[in-house]
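The values are calculated or read from the model by the stated rules, or taken from the named source; none is laboratory data. Keep in mind that this is a model prediction, so the values were computed, not measured. For neighbour counting, all protein chains shown are included, and Cβ atoms are generated from backbone atoms with ideal geometry for every residue, glycine included. Keep in mind that these areas ignore ligands, DNA and RNA; they rest on the heavy atoms of the full protein, side chains included. Shrake-Rupley method; radii C 1.70, N 1.55, O 1.52, S 1.80 Å.
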Amino acid sequence: MQVPEITNAASLLPDWSELLIRLLIDSVTLFILVRGIYYPIHRRKDYLFTFFLFNLVLFMICILLGASMMKMGFAFGLFAIFSMIRYRTVSIPIKEMGYFFVCVAMGMINALATVEYNYIILLAANLLIVLAVLLLDKFVLLKHENRKEIIYDKIEWITPQNRLLLIEDLVKRTGMPIHRVEVVNINFLRDVALLAVYYYDNEIQSSEAKMNITE
């Protein structure tokens with residue numbers, strides 16, 4: 001009776017050279033995508049940590065566990081879990097969710113893609129993703145609508161009939177080229193309102209940090 005061979009678990013893991021090459025490709029591509037494309041356009045530092053950390057952690061999870069017999073199901077399962085994450089303390093804008101989606105996908109592609117040491121294919125895939133993001137975000141979608149949340153004290157001006165006066169006052173007091181306003185919340189006890197203001201200006205730092213506006 002022939003005894004089946006027991007596969008050594010360590011043999012399923014990639015060797016150090018393959019790991020380092022894949023990590024280098026992933027890190028360089030991610031740096032170009034996040035620091036070279038995303039930040040110069042959107043000027044938002046609060047999401048840089050999330051993009052880099054999720055990509056690195058997901059890459060290590062895939063490279064260490066994805067060598068088992070469930071590569072395809074494993075990849076789609078992780079992709080579904082991480083791509084559906086929502087933070088309870090802050091809502092992630094659609095554009096940032098798109099970049100988050102790309103960072104998660106890149107971590108899995110660079111960790112699980114079967115290239116058999118022909119890394120030109122992997123480099124070409126990463127280059128294609130970066131070029132697609134660059135063309136869509138910088139050249140095709142020319143106008144980027146920035147958003148800020150402002151605590152506003154003239155609560156009598158938030159009514160629909162005073163919307164133009166409200167925008168004029170906000171432009172005068174903030175110096176931002178605001179073109180539309182949404183009322184997020186009204187606090188009648190403090191006699192203030194939380195407003196979401198929108199403007200087209202890539203030179204102004206796009207941040208959701210709240211501003212307190214007082215007389």
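Test of understanding: express the Cα radius of gyration of segment 114-191 as a ratio to 2.2 N^0.38 Å, with N the residue count.
In units of the 2.2 N^0.38 Å rule of thumb, it is 1.95.
I need the calculated FRET efficiency for the pair residue 113 and residue 139, taking r as the beta carbon distance and R₀ as 30 Å, to the nearest 0.05.
Numbers: r = 28 Å, r/R0 = 0.92.
E(calc), rounded to 0.05, equals 0.60.
Report the FRET efficiency, 1/(1 + (r/R0)^6), for residue 185 and residue 31, where r is their Cβ-Cβ distance and R0 is 35 Å, rounded to 0.05. Show your work: numbers first, answer last.
Values: r = 38 Å, r/R0 = 1.08.
FRET efficiency, residue 185 to residue 31: 0.40.
Can you give me the % of accessible surface on segment 99-200 that is carbon or sulfur? Probe 1.4 Å, all protein chains present, nothing else counted. Don't jump to the answer; show the numbers that get you there.
Working: 3780 of 5750 Å².
Carbon plus sulfur share of accessible area: 66 percent.
Can you tell me the FRET efficiency between residue 94 and residue 129 if r is taken as the Cβ-Cβ distance and R0 is 22 Å, rounded to the nearest 0.05?
Details: r = 18 Å, r/R0 = 0.84.
For residue 94 and residue 129, the calculated efficiency is 0.75.
Could you list, in their original order, any pairs among 45/95; 45/154; 45/172 whose Cα atoms are separated by more than 24 Å?
45/154; 45/172
Evaluate the distance, in nm, between pseudo-label points positioned 7 Å from the Cα of residue 164 and of residue 17 along their respective Cα→Cβ axes.
So the two model labels end up 7.2 nm from each other.
Which net charge results for the neighbourhood of residue 38, defined as the other residues with beta-carbon distances under 14 angstrom from its beta-carbon, given Lys and Arg at +1 and Asp and Glu at -1?
Working: positive: 35, 43, 44, 45, 95, 138; negative: 46, 96, 137.
Net charge around residue 38: +3.
What accessible area per residue, rounded to a whole number of Å², is obtained for segment 100-196 using a probe radius of 1.4 Å?
Accessible surface, normalised per residue, equals 58 Å².
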